[in-house]
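Read-outs throughout are calculated quantities, based only on the coordinates presented, and are distinct from any laboratory measurement. Small disclaimer: the values here were computed from a predicted structure and weren't measured. Don't worry about glycine lacking a Cβ; one is built from the backbone with ideal geometry, like all the others, and counts go over all protein chains shown.
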Amino acid sequence: MSHNHSDSHCIGIVGHFIDGVIVNDKERTQDIFNPATGEVRGHVALASIATVEQAIASAQAAYPAWRATPPIKRARIMFRLKELLEARANELCELITLEHGKVLNDALGELQRGIENVEYACGIPELLKGEFSKDVGPRIDSWSEFQPLGVTAGITPFNFPAMVPLWMWPMAVACGNTFILKPSERDPSVAMAIAQLALEAGLPPGVLNVVNGDKVAVDTLLTDKRVKAVSFVGSTPIAEYIYATGTAHGKRVQALGGAKNHAIVMPDADMDNAVNALVGAAYGSCGERCMAISVAVAVGDKVADALVAKLSEQINKMQVGTGLNNANDMGPLVTKQHYNKVRGFVDAGVEEGASLVVDGRTLVVQGHENGYFLGPCLFDNVKPGMTIYEEEIFGPVMCVVRVNNMQEGMDLINAHEYGNGTCLFTRDGEAARYFSDNIEVGMVGINVPLPVPVAYHSFGGWKRSLFGDLHAYGPDGVRFYTKRKTITQRWPSSGIREGTQFSFPSNG
Ligand code: NAD
């Protein structure tokens, strides 16, 4: 595992991890940047079709022995992996920060959430127990068991380079599948480092392979007959493409997409708590979270005026700089290209008539002039139809929308194309219950701004935030990575002969 203490160390080429070894066959490569400095940190190999096929062949070859390994033995590897992840947390978080840009403490939070998925996978013998019914008919017993699918694959986004892969492959392999991970090409190092830790924990070579790359690698995984299921997390247009292509090739697919998460602030809310919660949820990780709150819906002008004043005050106190310094609240955006995109959204908001109350566009971080830093931005008087309201910005930009009552706010949320997360700030239990009952969103917070389900529940949005039937990780993860088989069994007794029956078997 590479380990750098400065933010200007070159790591060479990040290759692939196939059959337990690092493979690098001088394919196309792409630069990896350190977003805090703008420097090229290294390069990532972009797998050819042949390299991906090599990974699939490795996973296919490892499958029979791994499927036959008792779940308790698979669980023991997960226990060892958890310990290794904890022991190496600082190095892993540094890799996250050097390629993604987020502040180290935030990287640690991400890694911890990933480790919790490994902890859940440690319970696999219990989770795979199945269902049993004795005497479903005369001397007949029946049970359902959950068998692995075979070779499975995951394609992950840049914004949680450690956690999102850990949502997928620990559960997939704990269920007895083998797995091919295709991490984001923008920050691939931490996923590679964790795959090497899995080998160290005892995962046999070939059970987990990592291929780095772009559309070429993804399309090979989506179309190869040997891959039985694909999990995807990323932006909505790509999620929709992955779902359509993967299912057309006969695969089981879950594809999680983008978001535009609204929080409604009611007149009875604890305003100071709501403001603190909103600032963290909107600007933490530079707004590059699919659960980030990007729209604050204020009920009534009095609430809106107070909210905008208090938010501005808090935002102006925020410290922005390199993620290697935990005193900073927010780091840079991930790439120059993404910086330009987010800045373009801010310009569009001004042009379309929203009021830019806090303008982060002029920020310069001393000593990091070439980093991709955009200061926090706050818009007031944002209206449906504006680009900054309709589209996912994925940056440090919060929009305040003014409404007259809670129902108006809920109608806005329900009309939006995305339905990932949402939150209601209130002290009114009746309002909270009405909200959680009737809102068209998959993950709901009541005074909880980032209601990311814990590892033993499941994660997923509604509407165009998720394509597929099952949510990610938790109980749905077990179902996604297994096939139900139902066995009905009778052992004929030598004393009793069954006659021929032509009617449909029943207990009638
Ligand atoms: P992205 O869609 O650009 O990339 C995700 C993955 O898809 C990467 O591995 C990438 O290599 C691959 N990819 C990109 N373009 C492709 C193409 N044309 N064909 C095939 N594969 C392609 O997403 P991103 O920018 O890395 O991540 C940010 C997005 O992810 C945001 O929209 C965010 O909301 C979303 N996200 C969603 C969740 C969720 O749980 N719903 C979680 C995290 C991130």
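Taking Cα atoms only, the orientation of helix 163-174 departs from the longest principal axis of the chain by about 10 degrees.
Counting Lys +1, Arg +1, Asp -1, Glu -1, what net charge surrounds P453 among other residues with beta carbon under 11 Å of its beta carbon? Kindly include the intermediate steps, with their values, before the conclusion.
Values: positive: R113; negative: E116, D476.
Neighbour charge sum, excluding P453 itself: -1.
Each of S458, S312, C122 was scored by the projection of its Cα onto the charge dipole of the chain, and the greatest displacement toward the positive side belongs to C122; charges sit on the C-beta of Lys, Arg, Asp and Glu. Packing-based ranking of 164-172, 398-406, 128-136 yields 164-172, 398-406, 128-136, ordered from highest to lowest mean Cβ neighbour count within 10 Å. Could you give me D for the chain, from Stokes-Einstein at 4 °C and 1.567 mPa s, where the hydrodynamic radius is the Kirkwood radius over C-alpha pairs? Units µm² s⁻¹, please. Result for D is 54 µm²/s. For the chain, the antiparallel share of DSSP beta bridges with both residues in that region comes to about 45%. The charge dipole of the chain, taken about the Cα centre with unit charges on the Cβ atoms of Lys, Arg (+1) and Asp, Glu (-1), comes to about 2040 debye, rounded to the nearest 20. Of the trypsin sites (Lys or Arg not before Pro) found in the stretch 445-508, the ones in coil according to DSSP and having at most 12 other Cβ atoms within 10 Å of their Cβ are R497.
For the stretch 261-446, the relative contact order is 29 percent, taking Cα pairs closer than 8 Å that sit 6 or more residues apart in sequence and dividing their mean separation by the residue count.
If one takes the longest principal axis of the Cα atoms in the chain, at what angle in degrees, from 0 to 90 and to the nearest 10, does the Cα axis of helix 71-87 lie? For 71-87 against the chain, the angle is about 20 degrees.
Within straight-line reach of K134, meaning a Cα separation under 30 Å, sit the following lysines at least 8 residues removed in sequence or on another chain: K73, K483, K485.
Peptide packing for 42-53, 267-278 was compared via the average number of neighbouring C-beta atoms within 10 Å per residue; ordered from the highest value, the list is 42-53, 267-278. Each other residue within a Cβ distance under 12 Å of G284 adds +1 if Lys or Arg and -1 if Asp or Glu, for a net charge of -2. Put simply, the amide H of I446, placed in the peptide plane, has neighbours under 5 Å in L424, leaving out anything fewer than 5 places away on its chain. Each of H416, H457, H100 was scored by other Cβ atoms within 10 Å of its Cβ. Arranged with the fewest first, they read H457, H416, H100.
For G344, what is the net charge nearby, where nearby means another residue's Cβ is under 15 Å from its Cβ and Lys, Arg count +1, Asp, Glu -1? Around G344, the charge tally is -3. The C-alpha radius of gyration of the stretch 105-251, expressed as a fraction of 2.2 N^0.38 Å, stands at 1.19.
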